[in-house]
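This report concerns only the one structure given below.
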Amino acid sequence: MYGLERHVRQSGLERPLLELVKLRASQINGCAYCIDMHTKDARAEGETEQRLYALAAWRETPFYTERERAALEWTEALTLISQNHVPDELFERVRQRFSEEELVNLTLAVVAINGWNRMAISFRTVPGSYQRPAGAAAR
C-alpha cells in the first residue's frame, strides 16, 4: 500500500486534485478517519473551505475545474464500480482531460484510497487522531 501511495504521490498529478479524489472516495465509502485526514491535508495544501464543504455536491456547484470534474466523476465510477461499471462515455470524457499516463495514475490513486478506506474502516481507525506532520507532504 505504501509503495502504491508513493507512486501516486510522485506521479505528477496535482496535489489539490489528488486530495479531492481521496476525500470524495472517502465520503462515498463512509471512512470518517480518511475524511478527517484528507480535509486536513487539503487545507494544508491551500484548499478552500467552500470547495471542501461542497465536494459531496460537486456536480451542482461552479467551484471545480473541468479537469477536477472529470477526476471526480472517474473516482465515483471506480469507487462504485459494482453498480454501473465504467461507462464508455465516461471513459471518453475523462480521456479528453487526462493523458493515458495521467489516467493510469489517477486510477491508481482511486485504487489506493479505496484500499486505505477499507483498511481504516475494518480496523476501526479512530477519526480525529490524524495529525499531519509539520512540513510533511500529503499522503
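Any idea how many residues of region 93-128 are assigned to a helix (DSSP H, G or I) and among the polar types (S, T, N, Q)? Walk me through how you get there before you give the answer.
First, pick out the residues of region 93-128 that are assigned to a helix (DSSP H, G or I): 93-95, 100-122.
Those left that are additionally among the polar types (S, T, N, Q): 105, 107, 114, 117, 122.
The number of residues fulfilling the criteria is 5.
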field: Scope region 49-73; condition over 12 Å from Q27 (Cβ atoms) and of a type outside the set (D, E, K, R); matching residues
entry: Q50, T61, P62, F63, Y64, T65, A70, A71
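Quick one: which residue in V110, V94, V104, V86 is among the hydrophobic types (A, V, I, L, M, F, W, C) and closer than 17 Å to L23 by Cα?
Step by step, each of V110, V94, V104, V86 is checked, and only V110 is among the hydrophobic types (A, V, I, L, M, F, W, C) and closer than 17 Å to L23 by Cα.
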task: Scan region 1-39 for residues that are in contact (Cβ under 8 Å) with a residue 40 or more places away in the chain, aliphatic (A, V, I, L, M) and in a helix (DSSP H, G or I) and jot them down.
output: L4, V8, L17, L18, L20, V21, A25, I28, A32, I35, M37
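Yes/no matrix, rows are residues, columns are (1) part of a loop (DSSP other than H, G, I, E, B); (2) surrounded by fewer than 17 Cβ atoms within 10 Å (Cβ to Cβ):
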residue	(1), (2)
E47	yes, no
R51	no, no
A54	no, yes
W58	no, no
F63	yes, yes
L72	no, no
A77	no, no
S82	no, yes
F91	no, yes
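Rule-based calculations on the coordinates, nothing more; no lab input. Since this is a predicted model, take the numbers as computed values, not measurements. Positions of Cβ are generated from backbone atoms using ideal geometry, with glycine treated the same way; all protein chains shown enter the neighbour counts.
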